[in-house]
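The values are calculated or read from the model by the stated rules, or taken from the named source; none is laboratory data. Source: prediction; values computed, not measured. All Cβ positions, even for glycine, are placed from backbone atoms using ideal geometry, and neighbour counts span all protein chains on display.
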Amino acid sequence: MANDTRPASEAHDVREPAVRMVGISKSFGAKTANVNVSLEIYRGEILSLLGENGSGKTTLMNMLSGIYFPDAGDIMIDGRPVSIRSPKDAFDLHIGMIHQHFKLVPVLTAAENIVLGQKAGLFLDMRKVKKAVEEICSRYGFVIDPDKKVYDMSVSEKQTLEIIKVLYRGADILILDEPTAVLTPQETRRLFGVMRNMKADGKSIVIITHKLHEVMEISDRVAVLRKGEYIGSVLTKDTDPQKLTDMMVGRAVSLNIDRPEPVNTKECLRVEHLSVRDEDGVLKLDDVSFVAKAGEILGIAGVSGSGQKELLEVVAGLQQALPGSMVLYTDKAGKTSTLIGKTPLEIKKLGVHLAFVPEDRLGMGLVGSMDIADNMLIRTYTEGQSMFVDMNRSRKLARDIVDEFEVVTPGIETPVRNLSGGNVQKVLVGREISGEPSLLMSAYAVRGLDINTSYTIYRLMNEQKAKGTAVIYVGEDLDVLIALCDRILVLCSGKVSGIVDGRTATKEEVGLMMTHLKKAGDAK
């Protein structure tokens, strides 16, 4: 399905592309990431790079940005063969990559982060640096305070700083990895406006993303990888989300998110006056109150760092709350238990069937050095009467999860740290759901997942809802939150902006509430 790979304005042009990657292959031990991939990137275009988890998108761009070196193949910049063995080589070729996880020094200012690592002779004239930053901002529409410390910045400000940093260093080929993952709709629109300005200035922009509606909105052309191989590219104006999904997966996939009406809902979790401070004494949650009901999906929306992590960790027994906070769990028989002050093991001994998919997959959810089968034991090793653990049970569960979620792995004996981020998430979600919980909490369950697996997760959430489970779903994609959830709790800077009905709420309304520009009615 290799369509014309040139943007519309160059469909019959003979100009050299800015980047030509020819026959690129890369393996990590027995795992093959890219196989004979050939890709072109043109000046003045925005190219979306799509593919399922483990398809090799980020690996391919990491080779272009100098983080990895290809096992085979050639890279040409403006028609000239080049060797990119380090990020410095990439910068010298005017290539810059903005990673999903920012690489900034929190205690330094924006201007200091921009020049960090640059050769400046004996003295560094910060006035010239700030003037250059102001010129970049004026040229492309950025808004940044050069003197602002990174630790005082919002997520969108940090991302803006990362982009300015590579532009300051001369990049005219930019790679953005999941750039809208933690942005509000308003911040996403501003970013897209900046990207269009850079495109108009002749920059080449590659965006790695799973959000098909954003692909359709911002890109000129879409290139698709599947299982490490290049499938083809298509002009965005000539395709649609369904065609792109079929192209990624290799078969027809339904893109409808079901939301069955809640049936026989009962109170499962009551949170009242919950306040939490972090280890530095910063107030992360401020007087939060809400009710989660069995048989419904309660979504939680908010910009990154609004208290979502602390909220779920308090309920799971992993975080201490301030005096006056209350978290009550009511089981199906009507018995109520308080969870405040309890450890995870004490909560389990209370008979609370709680499943938690944390934001930190390898730091908190799974043990990276252990294989898939051994990670299944983390939830079940205390069960049973024997002094020996049941490895056959854990191996069967591991095989079932690998099959159902289509985990890309050489086998269940593979250490999970060797899996791609999306496949790590599949293992974690599969393990937690297998415990048949009465309360399921998930933090960014589909972050980094391909479209096919994401819809599998949505289906599993609805299955849990139908079984009478209370599902708390922390998400960053407002389209998904509104399509999937029955109610949506909106957090802003640790406070509740309001709770809205998922069937009637709009993305713009929720986005404004996330920044406290709009407040819904009283929490329900």
Flagged in the stretch 42-56 as out of contact with any Leu (no Cβ under 8 Å at 6 or more places or on another chain) and more than 13 Å from G421 (Cβ to Cβ), in numbering order, are Y42, R43, G44, E45, I46, L47, S48
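Table: residues versus (1) of a type outside the set (A, V, I, L, M, F, W, C); (2) on the phi < 0 side of the Ramachandran plot; (3) part of a strand (DSSP E or B).
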| residue | (1), (2), (3) |
| --- | --- |
| N53 | yes, yes, no |
| T58 | yes, yes, no |
| M63 | no, yes, no |
| G66 | yes, no, no |
| M76 | no, yes, yes |
Residue match in the stretch 68-89 (condition: within 30 Å of V424 (Cα to Cα), touching a helix residue (DSSP H, G or I) at 6+ places or on another chain (Cβ under 6 Å) and touching a residue at least 40 places away in the same chain (Cβ under 8 Å)): yes
Only residues in the stretch 382-410 that are assigned by TED's automatic domain parsing to the domain that holds T453 and more than 13 Å from Q425 (Cα to Cα) count as the first member; pair them with residues that are of a type outside the set (A, V, I, L, M, F, W, C) and at pLDDT 80 or above, Cβ under 8 angstrom, at least 6 apart or cross-chain, and list the lot. none
What do you reckon, is Y68 over 25 Å from the mean Cα position of the chain (by Cα) and under 23 Å from K165 (Cα atoms)? no
Please pick out the residue among I340, I347 that is over 27 Å from the mean Cα position of the chain (by Cα), assigned to a loop (DSSP other than H, G, I, E, B) and outside the structural domain of N375 (by TED's automatic domain parsing). I340
From the options D147, D125, D172, residue that is surrounded by 17 or more Cβ atoms within 10 Å (Cβ to Cβ) and either assigned by TED's automatic domain parsing to the domain that holds G44 or touching a residue at least 24 places away in the same chain (Cβ under 8 Å) (or both): D172
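Sort out which residues of the stretch 278-297 are of a type in the set (A, V, I, L, M) and over 14 Å from I499 (Cα atoms), and write them in order of number.
V282, L283, L285, A294
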From the residues in the stretch 157-186 that are under 15 Å from I207 (Cα atoms) and among the charged types (D, E, K, R), which one is modelled with the lowest pLDDT? E178
Hey, among the residues in the stretch 323-336 that are surrounded by fewer than 16 Cβ atoms within 10 Å (Cβ to Cβ) and of a type in the set (A, V, I, L, M), which one's nearest to K266 (Cα to Cα)? A333
Do we have V288 as in a strand (DSSP E or B) and either among the basic types (K, R) or within 30 Å of V206 (Cβ to Cβ) (or both) here? no
M247 fails exactly one of (1) touching a residue at least 60 places away in the same chain (Cβ under 8 Å); (2) under 28 Å from L167 (Cα atoms), namely (2)
Exactly one of D280, D360 is outside the structural domain of R459 (by TED's automatic domain parsing) and exposed (fewer than 15 other Cβ atoms within 10 Å of the Cβ), and that one is D360
